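Asker: Quick one: the structure is below, questions incoming.
The values are calculated or read from the model by the stated rules, or taken from the named source; none is laboratory data. Values in this document were obtained by computation on a predicted structure and should not be read as measured data. Every residue, glycine among them, receives a Cβ derived from its backbone with ideal geometry; neighbour counts consider all protein chains shown. Only protein heavy atoms, including side chains, enter the accessible area calculation; ligands, DNA and RNA are left aside. Shrake-Rupley method; radii C 1.70, N 1.55, O 1.52, S 1.80 Å.
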Amino acid sequence: MNDRAVSLLEQYELNITRTYKGRGCILCETEEGLKILQEYHAPQQKLVLMEHLLKNVSALGLVDVDSLVPNKEGTYTVKDRDGVTYVLKDYYEGHECNPKNREELSDCIHTMALLHTGMFYPKEEALGDIARFDLKEETARHNRMLRKIRKYVRERGSKTAFEQFLLSEYDVFLKRAEAAEERICKEDFTSFYQEVEKQRSFVHGDFQYHNVLMCGQRRAVVNFERCRFDSRIGDLALFLRKIMEKYEWDMLLGEKMIQEYEAFTPLKEAERRQLFYRLSYPEKFRKIVSTYYNSNKAFQSLVYGEKLMAVCAQEEKKQNFLRKVFDDVIE
């Protein structure tokens, strides 16, 4: 263990028996269980959110989570000599969910449903100025950026092959994104958001297969730094989209995952509408465009060209999936 790690771990009341390097972290075997030390880049305010949410989930005992470990001063961050911030969290022996293993995907859905039973901010704690997620506002913001980037690409002089291909497909996806925004604006989600606010419902914010650990008979969910004030549909939509993209919008698999979630806790009609819109929006296209725009424009575009081709190739399958599962589609 290097001097930097020693100085950081000395700030905790721990009886460490062994340490070893992990992927961008240091794992610590202690008499109090396995811990993980890693850099922390989210706002300090997120630590308060994580503390309260993870205590709620842990108290239920249904899902293991990487709860924060306080240092000797009772706070949750420590800094090294270069001013880099770190946090120490509980951790678990296990392997990340394998997205190619359908049984483990089912485990992920079940784990998500169990996690959501505890993802509520305590009513005795002040929420402060934490903004609730709003689908209409989010969609409008994304669409403004898409229009801005299209203008930028159009006005570039000498265009790369990637930029030429991007422009050839841009209007199709932008039209669908704007149609989604128009449809969402016509929906009345007032009661839906009132329920989210009443329950103080939060989501993991990055519920993907690599954040779910298979630990023997138990499951652990880690990395809550992107948790946000939102309906459980936020996690369900993200997980479904990521898996559906890997499986080219396999209709049977998608239906099965939704049914498995609903077997634990059925979705209300407004939740199904939210799920439909969040899946309908061309999010993968938006992320590719955003990455291109925020990168060095001389970047190697081959990988993103391949990703864009995959999105275009899957679009018809995605529309068929939405039509079959939700009896609706945004043209």
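Asker: Can you tell me which residues in the range 59-69 are in contact (Cβ under 8 Å) with a residue 40 or more places away in the chain and open to solvent by 30 Å² or more (accessible area, probe 1.4 Å)?
Answerer: Correct list: Ala59, Leu60, Leu62, Asp64.
Asker: Further question: I'm told Ala180 meets every condition in (1) out of contact with any Ser or Thr (no Cβ under 6 Å at 6 or more places or on another chain); (2) touching a residue at least 12 places away in the same chain (Cβ under 8 Å) except one. Can you identify the failing condition by its number?
Answerer: All conditions pass for Ala180, except number (1).
Asker: For the range 291-310, which positions are surrounded by fewer than 20 Cβ atoms within 10 Å (Cβ to Cβ) and either modelled with pLDDT of 95 or more or of a type in the set (A, V, I, L, M, F, W, C) (or both)?
Answerer: Ala298, Phe299, Leu302, Val303, Met309, Ala310
Asker: Would you mind telling me which numbered condition in (1) under 30 Å from Asp129 (Cβ atoms); (2) loosely packed, with under 11 Cβ neighbours inside 10 Å; (3) charged (D, E, K, R) Glu31 fails?
Answerer: Glu31 satisfies all of (1) under 30 Å from Asp129 (Cβ atoms); (2) loosely packed, with under 11 Cβ neighbours inside 10 Å; (3) charged (D, E, K, R) except (1).
Asker: Out of Val78, Val153, I need the residue that is closer than 20 Å to Ala42 by Cβ and open to solvent by less than 30 Å² (accessible area, probe 1.4 Å). Which one?
Answerer: Answer to the selection: Val78.
Asker: Residue under question is Glu245, and the condition is that it be surrounded by 13 or more Cβ atoms within 10 Å (Cβ to Cβ), out of contact with any Asp or Glu (no Cβ under 7 Å at 6 or more places or on another chain) and at pLDDT 95 or above; does it hold?
Answerer: Taking the combined requirement at face value, the residue satisfies it.
Asker: Kindly check whether there is at least one residue in the range 16-23 that is hydrophobic (A, V, I, L, M, F, W, C), in contact (Cβ under 8 Å) with a residue 24 or more places away in the chain and either touching a strand residue (DSSP E or B) at 6+ places or on another chain (Cβ under 8 Å) or assigned to a loop (DSSP other than H, G, I, E, B) (or both).
Answerer: No, every residue in the range 16-23 fails to be hydrophobic (A, V, I, L, M, F, W, C), in contact (Cβ under 8 Å) with a residue 24 or more places away in the chain and either touching a strand residue (DSSP E or B) at 6+ places or on another chain (Cβ under 8 Å) or assigned to a loop (DSSP other than H, G, I, E, B) (or both).
Asker: Output the number of the condition that Leu275 fails; it satisfies all remaining conditions of (1) surrounded by fewer than 18 Cβ atoms within 10 Å (Cβ to Cβ); (2) without any contact (Cβ under 8 Å) to a residue 60 or more places away in the chain.
Answerer: With respect to (1) surrounded by fewer than 18 Cβ atoms within 10 Å (Cβ to Cβ); (2) without any contact (Cβ under 8 Å) to a residue 60 or more places away in the chain, Leu275 is out only on (1).
Asker: For the range 222-232, which residues satisfy the criterion of being open to solvent by less than 30 Å² (accessible area, probe 1.4 Å), more than 11 Å from the chain's Cα centre (by Cα) and under 22 Å from Asp129 (Cα atoms)? Walk me through how you get there before you give the answer.
Answerer: In the first step, residues of the range 222-232 are kept if they are open to solvent by less than 30 Å² (accessible area, probe 1.4 Å); the result is 222, 224, 227, 229-231.
Right, trim to more than 11 Å from the chain's Cα centre (by Cα) and you get 222, 229-231.
Listed by number, the residues that qualify are Phe229, Asp230, Ser231.
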